[in-house]
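What follows is one structure encoded as structure tokens, with my remarks underneath.
The values are calculated or read from the model by the stated rules, or taken from the named source; none is laboratory data. Predicted model only: the values in this text are computed from it and were never measured. Surface accessibility is based on the protein's heavy atoms, side chains included, excluding ligands, DNA and RNA. Shrake-Rupley method; radii C 1.70, N 1.55, O 1.52, S 1.80 Å.
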Amino acid sequence: MAKQMKKVKQPHKIKNNTIKEKKPKQGHKLVWFTIIIIAIPCVIVGYVLLTSLGGQNKPVIGDRFDKNDLNPEITDKLVKEIDAQLQAIDGVEGVETNLKSATLRISLDIRDDASSDTATAICENAYSIVDSVCPISTYFTNTEQGKMYDLEIGAYTYLVDDAHPLEGQVHIQLTKTGAGEKVIDNMNAAKNQDLVNQIKRY
């Protein structure tokens, strides 16, 4: 029987136990980057809202006229002078005059039994009074240098309410803009009666 050969033990290989360094995680950087991206528009929107709310109680200041416009100026003294003369017009029971937004507005409360012809004559009379104090060609006509005032004169028999129907009211409006000519309108009469009749049919 052949001798069995002894197995020679092979030397064990020594494992390389070198510890590998762990790379730092990048997750927290991504989180901060996302937060910053979201925060930027939120901050902008918040700033806009805060500035808008802070300016709500302040008037918006602006001027549609240049330095060469409204020259010469209609002063309070001139308005009072016009108002005083309007009071003396026959058939006028009340006068309201104001100057706002470069428009001189005159409201004339006339007798309830006045006709449209009477109201028109009163408007023309008021127009002449304005012209005598503030010449139309100077104060209510635009020039190459600048814009001027507008003029509105209204004569009415009464204000419409439950006791005073619209059907019986007389209301004449005279308008003169700086860029246009004098126009007189009957506010209770249709300019195109045929069109009114067509609308009523529907």
query = Measuring with a 1.4 Å probe in the full set of protein chains, what accessible area per residue, in whole Å², belongs to the range 138-190?
reply = 55 Å²
For the range 38-47, Karplus couplings with θ = phi - 60° (6.51, -1.76, 1.60), whole Hz, Gly/Pro x = 6, 6, 4, x, 5, 5, 5, 4, x, 5
Solution diffusion estimate, µm²/s, Stokes-Einstein, the range 81-139, Kirkwood Rh from C-alpha pairs, 37 °C, viscosity 0.692 mPa s = 274 µm²/s
query = What fraction of the Cα pairs in the range 60-181, stated in percent, has a spacing above 17 angstrom?
reply = 57 percent
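Taking 0.36 nm per residue of separation and subtracting the Cα-Cα distance, what length does fully extending Glu144 through Gln169 add?
Details: separation 25, 0.36 × 25 = 9.00 nm, distance 4.09 nm.
Gain on stretching Glu144 to Gln169: 4.9 nm.
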